[in-house]
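Reading through the structure tokens given below for one structure.
The values are calculated or read from the model by the stated rules, or taken from the named source; none is laboratory data. Since the model is a prediction, treat every value here as computed from it, not as a measurement. FYI the Cβ positions are ideal-geometry reconstructions off the backbone, even for glycines, and counts take in every protein chain you see.
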Amino acid sequence: MVHSETKRQIIHELDRLGISSSRLGYRYLAMGITLLASEPNTTMSAIYQNVAEKYYTSPKAVEEAIRTAIGVGLERAGEVNYHEYFGEILLNPTNFIAKIARKIEISDENFEYCAPAEATTPTVIGKMLNKLCISKKLNGYRFLCYAICLVAEDFTYIDHITSVLYPAVAQKLNTTPSRVERSMRTAVERCFSQCDSYVTAEIFGNAVNPKTGKVTNSEFIAGLAKYVVIGMDG
């Protein structure tokens, strides 16, 4: 398991570079950085293969998602910030991952890429949901709490929210996947209609859709999972 401080370091660097946690490339980059930081001699082809096996996809899809995430990050963070961070090196997935990996300290060689269990307790997540104006009286509260726990431990859930995450929550809490989705959506809508915008902006940032003024269920869960892992809840 990756030490929590290592996880926070990676999240901090990716956030600094404008890489959104709602993008597939974010999770691929995070695992790739972890692999290279742990084993500096690992080749990029081996990294793509390992990430692909972890996330049930192909090495080519991994590389494409990483390239896309870097491109979007460049647009969000700005060329000046990227130049200060990377200097004159050619900006490609290999150099991007290598640069960040050199800044990361791996404390446990026998790792599995996942979130630290101590950060995913229902108490911590419940505190954040209350801060976001989601009351315990709402069905969506307990569904979101369990879903965020699952995603914080394994981000692959968020890639399969309809086929895997909703059914997992439904089975655990003795309900149906459709009710889970609907109740979560109601809770998220309550959050963005009642919670102060500066609070939601602090947690979800640019993920908030400027047209609707809110995020989707998957963006809400992913954003909050990342937030509690970082330990920014106080």
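Among the helices (runs of 4 or more DSSP H) confined wholly to the stretch 114-227, which include 2 or more residues that are more than 29 Å from Lys54 (Cα to Cα)?
Per the criteria, 122-131, 139-153, 177-194, 197-204.
Would you check which residues across the stretch 77-94 are out of contact with any helix residue (DSSP H, G or I) (no Cβ under 6 Å at 6 or more places or on another chain), surrounded by 15 or more Cβ atoms within 10 Å (Cβ to Cβ), part of a helix (DSSP H, G or I) and not aromatic (Phe, Trp, Tyr) and list them?
Correct list: Ala77, Asn81.
Do we find a residue being modelled with pLDDT of 75 or more and either crowded, with 16+ Cβ neighbours inside 10 Å or in contact with a Pro (Cβ under 7 Å, 6 or more places away or on another chain) (or both) anywhere in the stretch 108-123?
no
Scan the stretch 31-44 residue by residue and report those that are assigned to a loop (DSSP other than H, G, I, E, B) and within 24 Å of Ser21 (Cβ to Cβ).
Result: Thr42, single match.
Any residue at all in the stretch 190-199 that is in contact (Cβ under 8 Å) with a residue 24 or more places away in the chain, hydroxyl-bearing (Ser, Thr, Tyr) and surrounded by fewer than 22 Cβ atoms within 10 Å (Cβ to Cβ)?
Within the stretch 190-199, none of the residues are in contact (Cβ under 8 Å) with a residue 24 or more places away in the chain, hydroxyl-bearing (Ser, Thr, Tyr) and surrounded by fewer than 22 Cβ atoms within 10 Å (Cβ to Cβ).
Suppose we keep only residues that are buried (at least 23 other Cβ atoms within 10 Å of the Cβ) and in contact (Cβ under 8 Å) with a residue 60 or more places away in the chain within the stretch 36-47. Which one would you say is farthest from Thr68 (Cα to Cα)? Show your work before the answer.
If we filter the stretch 36-47 for residues that are buried (at least 23 other Cβ atoms within 10 Å of the Cβ), which is where we start, we get 36-37, 47.
Checking the rest, the ones that are also in contact (Cβ under 8 Å) with a residue 60 or more places away in the chain come to 36-37.
Working: Leu36: 20, Ala37: 22 Å.
So, considering only residues that are buried (at least 23 other Cβ atoms within 10 Å of the Cβ) and in contact (Cβ under 8 Å) with a residue 60 or more places away in the chain, the one farthest from Thr68 (Cα to Cα) is Ala37.
Quick one: in the stretch 142-177, of everything that is touching a Leu at 6+ places or on another chain (Cβ under 7 Å) and not aliphatic (A, V, I, L, M), which residue is farthest from Ser218 (Cα to Cα)?
Per the criteria, the residue is Arg142.
Look at Gly140 and say whether it is in the same structural domain as Val124 (by TED's automatic domain parsing) and at positive phi.
Taking the combined requirement at face value, the residue does not satisfy it.
Could you tell me which residue of the stretch 199-234 is modelled with the lowest pLDDT, considering only residues that are in contact with a helix residue (DSSP H, G or I) (Cβ under 8 Å, 6 or more places away or on another chain) and of a type in the set (Lys, Arg)?
Ranking the candidates gives Lys226 first.
Thr57 - would you say it is part of a helix (DSSP H, G or I) and out of contact with any Leu (no Cβ under 7 Å at 6 or more places or on another chain)? Full working, then the answer.
Numbers: part of a helix (DSSP H, G or I): no; out of contact with any Leu (no Cβ under 7 Å at 6 or more places or on another chain): yes.
For Thr57, the condition - part of a helix (DSSP H, G or I) and out of contact with any Leu (no Cβ under 7 Å at 6 or more places or on another chain) - is not met.
If you scan the stretch 152-163, which residues turn out to be farther than 20 Å from Val215 by Cβ and not hydroxyl-bearing (Ser, Thr, Tyr)?
Glu153, Asp154
Here are Ile19, Ile70, Ile10, Ile47: which of them is among the aliphatic types (A, V, I, L, M) and assigned to a loop (DSSP other than H, G, I, E, B)?
Ile19
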